[in-house]
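**Student:** Below is one structure. I have some questions about it.
The values are calculated or read from the model by the stated rules, or taken from the named source; none is laboratory data. Computed from a predicted structure; not experimentally measured. Note: ideal-geometry Cβ built from the backbone for every residue, glycine included; neighbour counts use all protein chains shown. Each accessible area value is taken on the protein alone, full model and side chains, heavy atoms only, with ligands, DNA and RNA left out. Shrake-Rupley method; radii C 1.70, N 1.55, O 1.52, S 1.80 Å.
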Amino acid sequence: MKLQFAMDTLTTDAALELAAAAAPHVDILELGTPLIKSAGLCAITAVKAAHPDKVVFADLKTMDAGELEADIAFTAGADLVTVLGVAGDSTIAGAVKAARKHGKGIVVDLIGVRDKAARAQEVVALGAEFVEMHAGLDEQAEEGYSLDALLDAGKTSGVPFSVAGGVSVTTIAAVQDSGAQVAVAGGAIYGAPDVSAAAAALRAAIR
């Protein structure tokens with residue numbers, strides 16, 4: 001299972017600092033949606049230039065103009081770009097078209113999708129590289145939240161998936177046991193006093 005670091009910071013300099021600390025221990029460097037909205041596409045280019053050996057994941061959360069938005073992110077240096085699962089099939093298909101032109105991949109983010117397993121199967125059939133079983137920060141803050149629903153949806157879907165939604169050292173084993181290809185950790189790394197040590201601990205917890 002691969003480890004993805006979601007950097008939900010707001011400046012390119014901060015992202016580069018975080019990436020430098022975590023890179024030895026992670027496979028995928030994700031530029032979070034707030035970072036791309038705040039710093040722009042130049043943040044993607046900067047992170048890819050600094051870490052050409054890493055997969056750079058641009059979390060655009062595209063909802064429309066799939067081909068156009070994916071194309072500009074791939075041109076900026078992204079290897080993977082997200083489109084929302086609640087977007088129309090034509091939007092996802094357009095993004096996939098751009099990905100194939102660049103030799104890159106589309107990840108469909110299932111945040112807000114009620115039947116994640118069913119939609120996962122549909123979007124992989126449209127050409128998505130994999131889907132992200134995702135609970136956002138607001139959902140994670142709700143009383144009674146747990147990762148279990150995401151893990152169950154991933155298992156049920158039968159397609160390649162990642163899990164994002166509060167992955168930590170204490171939950172990453174369950175994520176791996178669910179069959180996820182990628183575990184996505186954000187706050188568990190960037191919120192730690194020692195970013196490098198936190199990333200290393202997550203890596204060590206993957207069996």
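**Student:** So, R0 is 25 Å and r is the distance between the beta-carbons of SER196 and ALA173; what FRET efficiency does that work out to, to 0.05?
**Tutor:** Taking R0 as 25 Å, the efficiency between SER196 and ALA173 is 0.70.
**Student:** Oh, and also: Among the GluC sites (Glu not before Pro) within the stretch 115-207, which fall in a DSSP loop and have no more than 10 other Cβ atoms within 10 Å of their own Cβ?
**Tutor:** GLU142, GLU143
**Student:** If you take the beta carbon distance between ARG207 and LEU126 as r and set R0 to 22 Å, what does 1/(1 + (r/R0)^6) give as a FRET efficiency, to the nearest 0.05?
**Tutor:** 0.10
**Student:** Gaussian network model of the chain, Cα springs within a sub-10 Å range: biggest mean-square fluctuation belongs to which of ALA43, ALA22, ALA14?
**Tutor:** Looking only at ALA43, ALA22, ALA14, the biggest GNM fluctuation is shown by ALA14.
**Student:** With Rg and Dmax of the Cα atoms in Å in mind, check [x] 15.6, 43; [y] 16.5, 45; [z] 16.2, 48 and report the label derived from this structure.
**Tutor:** From the options [x] 15.6, 43; [y] 16.5, 45; [z] 16.2, 48, the structure gives [x].
**Student:** Could you work out how much longer the chain between LEU10 and LYS37 gets when fully extended? Use 0.36 nm per residue separation minus the Cα distance between them, nm to one decimal.
**Tutor:** Here the segment from LEU10 to LYS37 would lengthen by 8.9 nm.
**Student:** Quote to one decimal, in nm, the extra length available between ASP138 and LYS2 on full extension: 0.36 nm per residue of separation minus the C-alpha distance between them.
**Tutor:** Fully extending the segment from ASP138 to LYS2 adds 46.5 nm.
**Student:** Here's a follow-up. For a quick check of your reading of the filter: which trypsin sites (Lys or Arg not before Pro) in the stretch 91-132 sit in a DSSP loop and have no more than 10 other Cβ atoms within 10 Å?
**Tutor:** Filter output for the stretch 91-132: ARG114.
**Student:** While we're here: With each pseudo-label sitting 7 Å past Cα toward Cβ, what's the ALA20-ALA65 distance in nm, one decimal?
**Tutor:** It works out to 3.4 nm between the two label points.
**Student:** Rounded to the nearest 500 deg cm²/dmol, what is the calculated helix-only ellipticity per residue at 222 nm for the chain, with -39500 (n - 2.57) per DSSP H run of length n ≥ 4?
**Tutor:** -13000 deg cm²/dmol
**Student:** When we measure straight from the Cα of LYS37, which lysines land under 19 angstrom away, once same-chain ones fewer than 8 places off are left out?
**Tutor:** Within the straight-line limit of under 19 Å, LYS37 reaches these lysines: LYS48, LYS61.
**Student:** Same structure, new question: What accessible area per residue, rounded to a whole number of Å², is obtained for the chain using a probe radius of 1.4 Å?
**Tutor:** Accessible surface, normalised per residue, equals 43 Å².
**Student:** Determine the dipole magnitude for the chain: charges of +1 sit on the beta-carbon of Lys and Arg, -1 on that of Asp and Glu, nothing else is charged, the reference point is the Cα centre, and the result goes in debye to the nearest 20.
**Tutor:** The calculated dipole for the chain is roughly 580 debye.
**Student:** Decide, for the stretch 90-207, between rounded, prolate and oblate: order the square roots of the alpha carbon gyration tensor eigenvalues as a ≥ b ≥ c, take rounded if a/c falls under 1.5, and otherwise choose prolate if a/b is larger than b/c, else oblate.
**Tutor:** prolate
**Student:** With a/c under 1.5 counting as rounded, go ahead and sort the stretch 41-116 into rounded, prolate or oblate using the C-alpha gyration tensor (a ≥ b ≥ c being the square roots of the eigenvalues; past the cut-off, prolate if a/b is larger than b/c, else oblate).
**Tutor:** It comes out prolate by the Cα gyration axes.
**Student:** Give the relative contact order (percent, whole number) for the chain; include only Cα pairs under 8 Å separated by 6+ residues.
**Tutor:** Once normalised by length, the contact order is 19 percent.
**Student:** With point charges of +1 on the Cβ of Lys and Arg and -1 on the Cβ of Asp and Glu, referenced to the Cα centre of the chain, which listed residue (GLY187, VAL159, THR12) lies farthest in the positive direction of the dipole?
**Tutor:** VAL159
**Student:** Using θ = phi - 60° and the Karplus relation 6.51 cos²θ - 1.76 cosθ + 1.60, list the HN-Hα couplings for the stretch 7-17 in order, rounded to whole Hz, with x at every Gly or Pro.
**Tutor:** Ordered by residue, 3J(HN,Hα) equals 9, 9, 9, 10, 10, 5, 4, 5, 5, 5, 5 Hz.
**Student:** Rounded, prolate or oblate, given the Cα gyration tensor of the stretch 3-51, with a/c below 1.5 counting as rounded?
**Tutor:** Here the stretch 3-51 falls in the prolate category.
**Student:** Using a probe of 1.4 angstrom, how much of the accessible area of the stretch 1-116 is carbon and sulfur, in percent?
**Tutor:** Here carbon and sulfur together make up 55 percent of the probe-accessible area.
**Student:** Residue farthest toward the positive end of the dipole of the stretch 56-133, with Cβ of Lys/Arg at +1 and Asp/Glu at -1: which of LEU84, ILE72, GLY94?
**Tutor:** The listed residue farthest towards the positive side: GLY94.
**Student:** What are the ³J(HN,Hα) values, in whole Hz, obtained from phi via the Karplus relation 6.51 cos²θ - 1.76 cosθ + 1.60 with θ = phi - 60°, for each residue of the stretch 161-166 in sequence order, with x given for Gly and Pro?
**Tutor:** 8, 10, 10, 9, x, x
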